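Okay, so here's the structure we're looking at.
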Amino acid sequence: MADVRVICAIGRSGQLGLDGGMPWEGRTARPFVEDVERFFEITRGHVLIAGPKTVASFPDFAHDERTIVAIRSGDEPEEVLSRFPGRVVYIGGGPAVWTAYARFVRHWDINTLPYDGEADTWFDPAWLIAGGSARPG
């Protein structure tokens with residue numbers, strides 16, 4: 001079985017996204033830079049699955065240091081996760097992906113950033129409640 005996890009960042013009020021990106025995208029203050037560095041450090045050597053747009057946004061070095069798999073909305077989570085027995089699998093992306101995979105997630109690593117501005121997408125605590133209620137075969 002895969003060890004399914006999520007690592008994500010949210011704003012102070014649970015903000016996740018704005019206009020298809022992260023609301024703090026491009027900010028150069030230390031907490032934002034450190035969050036990106038931490039993401040790539042923690043996922044190094046593991047599997048990272050995400051939607052095609054998220055996968056396309058990863059820098060080239062990311063593909064050399066982890067197994068990156070683009071998933072589609074029609075993919076069955078059980079089938080995708082069954083490809084990685086014994087591996088740590090991070091679920092990247094956002095609400096649609098997390099809603100589909102939340103029941104398999106055993107650990108949520110959530111970093112709260114010093115952002116309290118505009119957003120159009122928010123973290124849903126229901127994902128945490130669903131976590132770990134299913135395990136891929």
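Can you work out the FRET efficiency for the pair H107 and E34, with r the C-beta to C-beta distance and R0 = 30 Å, to the nearest 0.05? Walk me through the numbers on the way to the answer.
Numbers: r = 20 Å, r/R0 = 0.67.
After rounding to 0.05, the efficiency reads 0.90.
Applying the criteria of a DSSP loop state and at most 15 other Cβ atoms within 10 Å to the GluC sites (Glu not before Pro) of region 37-137 yields E118. Taking amide H as placed 1.01 Å from N in the peptide plane, the amide H of Y115 sits under 5 Å from that of R12, each at least 5 places away or on another chain. Phi angles across region 123-132 convert, under the Karplus curve 6.51 cos²θ - 1.76 cosθ + 1.60 with θ = phi - 60°, into 3J(HN,Hα) values of 5, 9, x, 4, 4, 5, 5, 6, x, x Hz, Gly and Pro given as x. Residues in region 104-110 carry Karplus couplings, in order, of 9, 6, 9, 8, 10, 10, 10 Hz; the curve used is 6.51 cos²θ - 1.76 cosθ + 1.60 with θ = phi - 60°, and Gly or Pro positions show x. Helix 30-43 sits at what angle to the longest principal axis of the chain, using alpha carbons and giving 0 to 90 degrees rounded to 10? For 30-43 against the chain, the angle is about 10 degrees.
D for region 1-106, whole µm²/s, Stokes-Einstein with Kirkwood Rh over alpha-carbon pairs at 10 °C and 1.306 mPa s: what number? List each step's numbers first, then the result.
Details: Rh = 14.4 Å.
Roughly 110 µm²/s, to the nearest whole number.
Rounded, prolate or oblate: which fits region 48-88, taking a ≥ b ≥ c as square roots of the Cα gyration tensor eigenvalues, rounded meaning a/c under 1.5, else prolate when a/b beats b/c? Note, shape of region 48-88 comes out oblate. Remark on I7: its backbone amide H falls under 5 Å from those of I91, D109, a criterion applied only to residues 5 or more positions apart or on other chains, H modelled at 1.01 Å from N. Label zone (D64, point 7 Å along Cα-to-C-beta; backbone nitrogen cut-off 12 Å) within region 72-95: none.
What the phi angles of region 62-72 give under the Karplus curve with 6.51, -1.76 and 1.60, with θ = phi - 60°, is a coupling list of 4, 6, 7, 10, 7, 8, 10, 10, 7, 10, 10 Hz, glycine and proline written as x. Between amide H atoms placed 1.01 Å from N, distances below 5 Å from V88 occur with D3, V47, all of them 5 or more places distant or on a separate chain.
No lab work stands behind these numbers, since they all come straight from the coordinates. Keep in mind the model is a prediction, meaning the values are calculated, not measured. Quick reminder, even Gly has a Cβ in these numbers, built from the backbone with ideal geometry, and neighbours come from all protein chains shown.
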